[in-house]
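Inspection log for the structure reproduced underneath, given as structure tokens.
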Amino acid sequence: MQRPTPPPIWDLPVRLFHGSLLPLVVTAWVSAEEGYMDVHAWCGYTVLTLVSCRILWGLVGSQNARFTTFVRGPRAIIAYLRGSEWSGEGHNPVGGWSVLLMLGLLLSQGMSGLFNADDISFSGPLAHLAGDFADDVHEWHEFNFNLLLAMVGVHIIAVLAYLRRGKNLILPMVTGGISGHGRAGTPTWLALLLLGACAALLWWLLSLSPRPPPFL
Ligand code: HEM
Ligand code: HEM
């Protein structure tokens, strides 16, 4: 009898999610600088949808995608920082928290964008709710982006440092790798369903705004 194919370390939804972040964040950045605010908003809505879906996937996705697998307590973190050998195959105890931080920063960036407006012609669909806080929202959107950039910088340096020490984390994030624990993954169609639900929910919420995005 043929053996079942071993599941990947990173399932397809996690890899597609990760692969789309760099192009989306870079396009959002460039489009804001160049004043292509419709493109900017679309990138932002897509990031918001993807991050919401990734959070749900962290609850129901495959083993290594789950928060319960990679969000570890202080003892594991201290042991890891003291150099004790870590035998897991997903995010390490420190990496797990940095993933949470990056997801939080991406969410905060997208959410603050909804309430943000420029001084010329573009307003996020919820900008009318910002009221007296409009300037604070504007500043937060800018400051949060700098935090995100710094965090992504540290993230890439960390990944490259592992590569230099002979541990290639990038390849499994691209190809999936081969998991050693043998548990079957959560099916990809469920991620598609969650993605559709997150997109529909955001679409519906924005359509309630008195100034919905032009395409709604
Ligand atoms: C805007 C740019 C980026 C953002 C926001 C970002 C964010 C993230 C996030 C949120 C994760 C967790 C994935 C998950 O569990 O869903 C992750 C993992 C990972 N990222 Fe990135 N990333 C970015 C760019 C990059 C680049 C350019 C590389 C390659 C040099 C990279 C390499 C990796 C690797 C190898 C992992 C898995 C780390 C591990 O094994 O624990 N990332 N990244
Ligand atoms: C994760 C997604 C997003 C990223 C990475 C991002 C990034 C940025 C950046 C880098 C700027 C320029 C900051 C500055 O120098 O002032 C900016 C400005 C802005 N963003 Fe976003 N943003 C995102 C989501 C959104 C969303 C969803 C909206 C609204 C639909 C939005 C609306 C705005 C507005 C109105 C400005 C002000 C432009 C100006 O004053 O020139 N952003 N964003």
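Just so it is clear, none of the values below were taken in a lab; they were calculated from the coordinates. Just so it is clear, the structure is predicted and the values come from calculations on it, not from any experiment. Here the Cβ positions follow ideal geometry from the backbone for every residue, glycine too, while neighbour counts run over all protein chains shown.
Would you please give the FRET efficiency between Leu149 and Val174, computed as 1/(1 + (r/R0)^6) with r the Cβ-Cβ distance and R0 = 22 Å, to the nearest 0.05? About 0.45, to the nearest 0.05. Would you mind checking the tilt of helix 93-114 against the longest principal axis of the Cα atoms of the chain, expressed as 0 to 90 degrees and rounded to 10? On a 0 to 90 degree scale, this one is about 20.
Using the per-residue mean of other Cβ atoms lying within 10 Å as a proxy for protection, in what order, highest first, do the peptides 78-85, 59-66, 196-203 fall? Intermediate results must be reported in sequence, preceding the final value.
Details: 78-85: 10.4, 59-66: 19.4, 196-203: 14.6.
Going from most to least packed, we get 59-66, 196-203, 78-85.
Taking the centroid of alpha carbons for each part, region 52-110 and region 164-215 are 16 Å apart. Taking Cα centre as origin and charging only the Cβ of basic (Lys, Arg, +1) and acidic (Asp, Glu, -1) residues, the dipole magnitude of the chain rounds to 1480 debye. Summed over qualifying helices (DSSP H, 4 residues or more, each -39500 (n - 2.57)) and divided by its residue number, the chain shows a 222 nm mean residue ellipticity of -21500 deg cm²/dmol.
Diffusion of region 144-216 by Stokes-Einstein, at 4 °C in a medium of 1.567 mPa s and with Rh set to the Kirkwood radius over alpha-carbon pairs, works out to 78 µm²/s.
Using the alpha-carbon atoms, what tilt in degrees (0 to 90, nearest 10) does helix 188-207 show relative to the longest principal axis of the chain? Between the helix axis and the principal axis of the chain, the angle is about 20 degrees. Given the Cα atoms of region 174-213, and with Rh set as the inverse mean 1/r over their pairs in the Kirkwood sense, what is Rg to Rh to two decimals? Result: Rg/Rh = 1.30. Here the Kirkwood formula, the inverse mean of 1/r across different C-alpha pairs, assigns region 1-65 a hydrodynamic radius of 13.5 Å. Note on the chain: dipole from Cβ charges, positive end direction compared against Leu106, Ala32, His18; the farthest Cα belongs to His18.
Before anything else, pin down the relative contact order of the chain: Cα pairs under 8 Å, at least 6 apart, normalised by residue count, whole percent.
Numbers: 215 pairs, mean separation 65.7, N = 216.
It comes to 30 percent, rounded to a whole number.
Students often check this: by mean Cβ neighbours within 10 Å, which of 92-99, 170-177, 107-114 ranks highest, and how do the rest follow? Intermediate results must be reported in sequence, preceding the final value.
Values: 92-99: 17.9, 170-177: 14.8, 107-114: 21.5.
Answer by packing, highest mean first, reads 107-114, 92-99, 170-177.
Against the main long axis of the alpha-carbon atoms of the chain, helix 12-34 sits at an angle near 30°. Read phi for every residue in region 121-127 and hand back ³J(HN,Hα) as whole Hz from Karplus 6.51 cos²θ - 1.76 cosθ + 1.60, θ = phi - 60°, with x for Gly and Pro. Couplings: 9, 10, 10, x, x, 10, 4 Hz. Spin-label model, Glu33/Ser121: points 7 Å from Cα along the beta carbon direction are separated by 2.2 nm. Built from the Cα atoms of region 12-207, the convex hull projects on average onto 12.5 nm², one quarter of its surface area.
With the charge dipole of the chain set up from +1 on Lys and Arg Cβ and -1 on Asp and Glu Cβ about the Cα centre, the Cα lying farthest toward the positive end among the listed residues Leu129, Gly180, Trp57 is that of Gly180.
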